[in-house]
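Input: a single structure, listed below in structure tokens.
The values are calculated or read from the model by the stated rules, or taken from the named source; none is laboratory data. None of these values were measured; they are calculated from a predicted model. All Cβ positions, even for glycine, are placed from backbone atoms using ideal geometry, and neighbour counts span all protein chains on display. Keep in mind that these areas ignore ligands, DNA and RNA; they rest on the heavy atoms of the full protein, side chains included. Shrake-Rupley method; radii C 1.70, N 1.55, O 1.52, S 1.80 Å.
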Amino acid sequence: MHLYLRDEPRTLMLVTSSEDERRGYPSRVLLFRAAEGREEASKAVVELLHKKDVDLNGVTRLCHRPVHGTLGLLNVANELFLAVVTSASEVGDLRTSNVEPESVQRINTVMFYSLNSAAFDDLNMAATDMPLSPSLQDVTDPDRDPYGNAYNNPNAQQTAYDHPCAPLSKILSVGTFYYAALPFWDISSRLEKRLKHKAAGKDLKTFDQRFIWNEHAIQSLLDFRDRLDQTERDEFDRCQFIILAIQGYVGTFKIALPAPPSEGKPLVATLSLISRLGWKRAGTRFNTRGLDDEGNCANFVETETLFSTDDVCLSFCQVRGSVPVFWEQQGVQAFGQRIQITRPPLAQQPAFERHAAQLVEEYTSFHVINLLGQKENEAVLTAAYTDLMRKARANASEDAMGMTNFDFHAHVRTGGHESVQELVRLEPVRSFIERSAFTIADLDLGEAITQQQGVFRTNCLDCLDRTNFVQDIFAREILQIYFRQNHRINEGSHAVWGYHRELWAENGDALSRIYAGTGALNTSFTRSGKRTLGGFLSDATKSVGRMYINNFQDKGKQVAIDMFLGNLAGQQLVTIYDPIHDAVRLEEAQRMSEYSERRQILIFAGTWNVNGRPPSESIMPWLFPRADSVEPDIIALGFQEIVPLTAQQVVQTDPEKKRDWELLILETLLNRPDSKTDYILLRSEQLVGTALIVLVKSDLAPVIKNVEGASKKTGLRGMAGNKGAVGIRLEYYETPFCFVTAHLAAGHSNVQERNDDYRTVVHGLHFQRGKTITSHENVIWMADTNYRIDMPNEEVRGLIEQDALDALLAADQLSQARDMRAAFAGYEEGPVLFKPTYRYDLHSDDYDTSEKQRIPAWTDRILYRGSDLDLAVYSRAELKTSDHRPVFAIFHAQVRVIDVAKRAALREELLLKVRTTSEGESLDQKLQRMTVNGDDLPPPSSDEGAWWDSPDHPDGVVPAVPPPPRRVISTNPFDLDIDISSSESDEDLYSAAATLPIPLTPSRKPMPPPPPPKPASLSSPR
């Protein structure tokens, strides 16, 4: 395809070439331009058109060579840039057969083109002068910072020739990014997952989200693709306009095997290696270490060894990653690397267990190979790592995780590099190899015969040199086992092992350049099997280069990485306006009644702080407060303090308590008198003591989809889950609902902390694909908000006795926060006609009689937002297990049911209408007219009427509005005899200001309004 520019309006176009079309690609154009007349600086207009509908006369070709596609759109310095792959080279085909090839391309050059201005059109960012592997002289030249001074020093001024995306282009153009050259095979997923995706149906969006580095930049285009109809989507995919890129290494060799020829032809196999670097904790060596709170670790790489013949493919996966502990290396580092563990063990355990749970969920089990030595720095990490693993294993199944500590350097000192081979003969390692095995796929059937049941997770300090050396040994061991079981003759093939050594040496170099800036150490031994003087000198040179790069260039590179990934503060995701489909969707929404109907459902929402106590009484009065209560369609129950909030529970939450409540709820629903329906547990989610349980009628399960859960910690400044929130969202037919339960900051006077917790949850609780609480129109909060009543204790208790609830509500902190829009702005709450729900003596109707004598309050509340929600009941239940009373609300809700066939027919009709053009006008010209200032301008004039002539303003006459009367202060406050010089506080200043006279309204009448203008005599343009 080619990249073209049209000046008026400025439009970039990816156009399929005649060569593409000869190969069967559809004749299509993908147009990009910045949206005009809109407030969002990060909005683009994108259109997919047939080439015949676009006028290509007078356009300028921006790149002299064909381009390969786009990595997406980025907002940099308030300008929109299109990232285009202008040069790529073929790595090879992972398959021996051409029936379903799996070809890989390496990205060589990426250029960024502005959608807003022509200022950077002549800057090619030295694209043809970007070496794939900068030499030591290059990277140590102080006058040549490949990532730009502007990123190392935000105050540095750019020269006239600086391109704002030059650092991004540099990162993307060093030869470490790869993509699948043909559509519908997923380079980001290992073989086992690819086979599952293929069985489920080919889709461009089926990828492993952990490894697609341009997900932030490409997300808006993937959303645009989703809005296309099926035919357009298929053609869009076949054109390969968008590229999904991984970072790491891909290498492949075709090998003639020593086996006897088959059907007169030599037996050929491919040996391949794919390393996929994770992006969720991406960065350079000294800037990104260890673990984050979500369980992501630095330098996490999944490496897959593939051996494929015409009919069978072997896949063996390993992972590496930084030691999953919170640790750093700070200051100028030479060779004495000072390590600091930044959190105590108890604060590390939750994140470590998230990391372990992610590995178990993804790979079934894992076995840690820790290669750190016994020197002081590395021994500290090993001790912390071992302790965290020991605690995690105590709560996991026996075979889920294991660990072997192996001092790599000690073995090399005593027995040379050859002695490291002993690792695979250790009993725990050998046992794990036998248990986890590898994946074998029948390529003719397209299904897995055997599946790998676990991975080795190998690490050293940087997860580079020692790690690569050991992973090479494991991959060799697996291939030898496979050959012994199936093709023993291949075990002695010099070609197989020669290419295997070369792949692992190149893999080590590539991953080391990404993380540390130079090639890997020990690769001379990996390539040749020998330790040489040349290899020793090469390793010494690389070590010096790493020291310089890590201390003087990595900071700028880190900023550029974060910019590409969308991690910088305030960085906006580019959104897309699609004239064709947005216009269709707008009219489709206006005509929704033609293809849909509304149905009414019943939702029960409840909240209860159970004070860490197990169930001890029937909850029937809570779930069904009246004997004739109608059975709700959805039951959403929020719990707080479902476990005691002890330090042990905060670090390691007991899930059994939540299961006890789930069983009680299901048993109550099952044994309810006159029960007419069954319920199922749809989803439950827990964050320490805060839990949310959602149940639905069993016959509704087929129409409820996209169920997701998420949580957000707010305790200890977001580090602990003793306070926080849990959310579950779902779609009932086509109507989305979001349920949230929360436990906000305690303490009578901590109103600001509660307001802050609310904002933290609203902005920090994220579901998949960027959805948040505010993304949903219908939201129900069921929470222990902890807001109190600002009145003396005796007065509160006296008013409760008098049933004077209105007086209490006037002092309710939550009501005040809502009035000031400090929290829950835009939410509604039903009339509070019940007594405060906190704090009671256990199993009693008496408010707190303990020594603390806490002031009663409505801490437990249900608030809601949404036009589809109609509150019917808001009350509390008289259960006495806890020091709180449970609260409940019953809603009538409207859900919309779509007739899919009718909607599809209407969509086709509307698409035809939008694409139909008048005589002499191309579709491209029509779409330009639709989008230029489309949000701000009135409809165009015609021979029948002018835009300025409307019923409200006949002949364009607009009556003048008189200005408001001026308010005049009659006295100069600076002339008053008031001493405010000694004010020392806000109270003093306020008191002084209160003595100033109130401004007076002048007694004279305001100026009369100007006379209305004469009617304009205008004729419509001809």
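Quick notes on this one:
- Relative packing of peptides 683-691, 361-369 - highest average C-beta neighbours within 10 Å first: 683-691, 361-369
- Measuring nothing but how far apart in sequence close Cα pairs (under 8 Å, 6+ apart) lie, relative to its length, segment 604-898 scores a relative contact order of 20 percent.
- Accessible area (Å², per residue) of segment 604-898, counting only protein heavy atoms and a probe of 1.4 Å: 41 Å²
- For His367, distant residues with modelled amide H under 5 Å away: Gly402, Val455, Phe456, Arg457
- Exposure of Trp279 as accessible area (Å², to 10), given a probe of 1.4 Å and all protein chains: 40 Å²
- The gain in end-to-end length when the His417 to Thr916 segment is fully stretched comes to 172.4 nm, 0.36 nm per residue minus the alpha carbon separation.
- For segment 368-458, alpha-carbon Rg relative to the globular expectation (2.2 N^0.38 Å, N residues): 1.35
- Stretched out straight at 0.36 nm per residue, the stretch from Arg22 to Arg233 would grow longer than its current Cα-Cα span by 74.0 nm.
- The protection proxy used here, the mean number of other Cβ atoms lying within 10 Å of each residue, ranks peptides 395-402, 353-360, 881-888 as follows, highest first: 881-888, 353-360, 395-402.
- Solvent-accessible area, 1.4 Å probe, carbon plus sulfur percent, for segment 792-923: 49 percent
- Under a model in which nothing but the beta-carbon of Lys, Arg (+1) and Asp, Glu (-1) is charged, segment 604-898 shows a dipole of about 1000 debye around its Cα centre.
- Gyration tensor verdict on segment 563-623 (Cα atoms; rounded if a/c is under 1.5, prolate if a/b is larger than b/c, oblate otherwise): oblate
- Computed extension gain for Asn486 through Gln925, at 0.36 nm per residue and net of the alpha carbon distance, reaches 151.7 nm.
- A probe of 1.4 angstrom, applied to the heavy atoms of all protein chains, finds Phe253 with accessible area near 60 square angstrom.
- Calculated translational diffusion coefficient of segment 604-898 (4 °C, 1.567 mPa s; Stokes-Einstein with Kirkwood radius over alpha-carbon pairs) equals 67 µm²/s.
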